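A.B. asks: Before I ask anything, let me first share the structure, which is written out below as structure tokens.
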Amino acid sequence: MALNATIYTLTVELADIDRAVYASLDLRMAREPSESADYFLVRLLAYCLEYAEGISFTQGVAAGDEPAVWIHDLTGRLLAWIDVGLPDATHLHKGSRAAERVAVYTHRHVTQLISQLSGKKIHRAEEIPIYALEQRFVSDVAGLIERRASLSITRSDGELFVDVAGQSFRSTIAEHRIGT
């Protein structure tokens with residue numbers, strides 16, 4: 001018997017000062033049984049840090065050949081393909097051909113990811129930013145996310161601040177590129 005996804009109801013106060021995006025978000029996210037708490041959190045952070053009209057979650061780890069998050073315009077055209085974790089070159093190549101913009105958010109070893117992708121066939125690879133979050137930050141915050149939670153997420157000058165469950169956390173967001 002297959003296990004069902006767990007639904008999380010999250011309230012997020014977003015202040016992305018770097019992009020001048022401010023929003024109060026009421027989100028329902030499905031977490032698949034095979035999805036780690038860290039991956040789930042990075043998927044949430046990617047959604048918030050890319051927040052724009054037309055953004056939506058896919059089925060996460062169950063999405064198969066879809067990204068974790070994507071953005072469509074009102075006509076249904078794919079504007080952004082946002083991946084999480086350690087996507088492979090084939091997945092990013094497909095996303096880069098389908099969308100105007102591709103980005104990756106990772107809490108894994110970014111040097112391993114870049115090494116794995118370097119030299120592979122990826123459409124517009126040099127244009128794909130890889131945003132690395134500190135592993136300790138991700139695991140500390142992920143451990144506090146409950147099925148019903150309120151978070152405050154702020155990005156300013158390349159730093160990420162998250163308040164959850166009465167605790168505050170900080171991480172740098174380091175931007176990398178494939179082949180650099």
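All of the numbers you see were taken from the coordinates with simple rules; none came from a lab. Predicted model, so just to flag it, every value in this text is computed and none were measured. As a convention, Cβ positions derive from the backbone with ideal geometry for all residues, glycine included, and neighbour counts pool all protein chains shown.
A.B. asks: If you work out semi-axes √(5λ) of the Cα gyration tensor in Å from the coordinates, which of (1) 34, 19, 16; (2) 24, 19, 17; (3) 46, 19, 12 do you get?
C.D. replies: Correct label is (2).
A.B. asks: Further, regarding this structure: Return the calculated 222 nm mean residue ellipticity for the chain, to the nearest 500 deg cm²/dmol, obtained by summing -39500 (n - 2.57) across DSSP H runs with n ≥ 4 and dividing by the residue count. Write out the running numbers ahead of the final one.
C.D. replies: On the way: 4 runs with 39 residues, N = 180.
Mean residue ellipticity, 222 nm, calculated: -6500 deg cm²/dmol.
A.B. asks: What is the distance in Å between the Cα centres of segment 27-103 and segment 113-180?
C.D. replies: 14
A.B. asks: To make sure I understand, if each residue's beta carbon is the centre and we count other beta carbons within 10 Å, what order do Glu146, Glu66 fall in, fewest to most?
C.D. replies: Ordered by Cβ neighbours within 10 Å, fewest first: Glu146, Glu66.
A.B. asks: Taking the Cα centre of segment 1-68 as origin, sum charge times position over the Cβ atoms of Lys and Arg (+1) and Asp and Glu (-1), and report the length of that vector in debye to the nearest 20. All intermediate terms of the calculation are to be shown ahead of the outcome.
C.D. replies: Numbers: 4 positive and 11 negative charges, 37 e Å.
Value, rounded to 20: 180 debye.
A.B. asks: If you don't mind, another one. Quick check: the angle from helix 89-98's long axis to the longest principal axis of the chain, C-alpha only, nearest 10 degrees?
C.D. replies: 90
A.B. asks: Please give the residues of segment 107-145, grouped as numeric ranges, whose backbone N is less than 13 Å from a label point set 7 Å along the Cα-to-Cβ vector of Arg97.
C.D. replies: Inside the label zone: 121-124.
A.B. asks: Need one number: nm distance between label points at Ser139 and Thr90, each 7 Å from Cα along Cα→Cβ, rounded to one decimal.
C.D. replies: 3.1
A.B. asks: Next question, about the same structure. Once you put a point 7 Å from the Cα of Asp73 and another 7 Å from the Cα of Asp157, both along the Cβ direction, what distance in nm separates them?
C.D. replies: 3.6
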